[in-house]
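The values are calculated or read from the model by the stated rules, or taken from the named source; none is laboratory data. All figures in this text were calculated on a predicted structure; none of them were measured in a lab. Using ideal geometry, Cβ is built from the backbone for each residue, glycine included, and neighbour counts are taken over all protein chains shown. What goes into the accessible areas is simple: the full protein's heavy atoms, side chains included, and nothing from ligands, DNA or RNA. Shrake-Rupley method; radii C 1.70, N 1.55, O 1.52, S 1.80 Å.
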Amino acid sequence: QARIHRHGSLIFLGQILVLGSVPIFDLGQDRTPTLFVMFSLSVSIATVWTLGYQRLTHLLASLSLIACLWIFIAQVEVNLGMRTVPLLIFLFVKLFCAYLCIRQAFKVGVASAQRIYCGAASFVMIGIIFAGIHGLLHGHGLGQYRLPLEFEGVRNIRWVDFIWFSYATLTTAGYSDLVPVGSFSLTVSTFEGL
């Protein structure tokens, strides 16, 4: 079982806290702020600890720390490629945390309410993971995204647009505030919709 009796509700509340913190970290930047990434990863690593994986918690925290140090060192460099490897490490850690949460949701003997909370928390994590993938594609020019015509020329695409787009795709709301137009971005959006 898990380390804490009501682990599912704590994990879900942690993920809601991450989503709720987006306006705090948004200052109109194009790239995802490092502090938001670190906060999101801290909540994910706390999730792994809450699920009772002590050794894995230390391993994922160490990987995240290495990636954070890499980003702080790379801030001296203007090259976007220097930030790619640590961001891939962050996405891997987040994906692994989502996997463990999904695994907990399907584990035998878990109370129904905790199962639902773990499933909902993993859904929130998957949305953030895909937002990161969309942002990486856009940052490297592999994925092309467009704003509606009324916004073109008024403002650039920001990191929060990818969070909005990710959840609009996951929930199949499809508000069309941000539109994928390149083959890579269309493919990732299709996988996310599936």
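When you scan segment 176-194, how many residues do you find that are closer than 16 Å to Phe130 by Cβ, open to solvent by 30 Å² or more (accessible area, probe 1.4 Å) and not in a helix (DSSP H, G or I)?
Selection size over segment 176-194: 3.
In segment 127-158, which residues are open to solvent by 50 Å² or more (accessible area, probe 1.4 Å) and either at pLDDT 95 or above or touching a His at 6+ places or on another chain (Cβ under 8 Å) (or both)?
Gln144, the sole residue that qualifies.
List every residue pair whose Cβ atoms lie under 8 Å apart, where the two residues are 6 or more positions apart in sequence or sit on different chains, the first residue falls within segment 16-43 and is under 20 Å from Pro86 (Cβ atoms) and open to solvent by less than 40 Å² (accessible area, probe 1.4 Å), and the second residue, located anywhere, is at pLDDT 85 or above and small (Gly, Ala, Ser).
Val18/Ser40; Phe36/Ser21; Leu41/Ser64; Val43/Gly14
Within segment 184-194, take every residue that is within 17 Å of Gly139 (Cβ to Cβ) and small (Gly, Ala, Ser) and give me the one that is nearest to the chain's Cα centre (by Cα).
Among residues in segment 184-194 that are within 17 Å of Gly139 (Cβ to Cβ) and small (Gly, Ala, Ser), the one nearest to the chain's Cα centre (by Cα) is Ser189.
I'd like to verify a number: residues in segment 61-83 that are over 21 Å from Ile45 (Cα atoms) and modelled with pLDDT of 75 or more, how many?
Count: 1.
This table checks each residue for (1) free of Cβ contacts under 8 Å to residues at least 12 places away in the same chain; (2) within 30 Å of Tyr53 (Cα to Cα); (3) touching a helix residue (DSSP H, G or I) at 6+ places or on another chain (Cβ under 8 Å).
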position: Lys94; (1), (2), (3): no, yes, yes
position: Ser112; (1), (2), (3): yes, yes, no
position: Gly119; (1), (2), (3): no, yes, yes
position: Val124; (1), (2), (3): no, yes, yes
position: Glu150; (1), (2), (3): yes, no, no
position: Gly153; (1), (2), (3): yes, no, no
position: Trp159; (1), (2), (3): no, no, yes
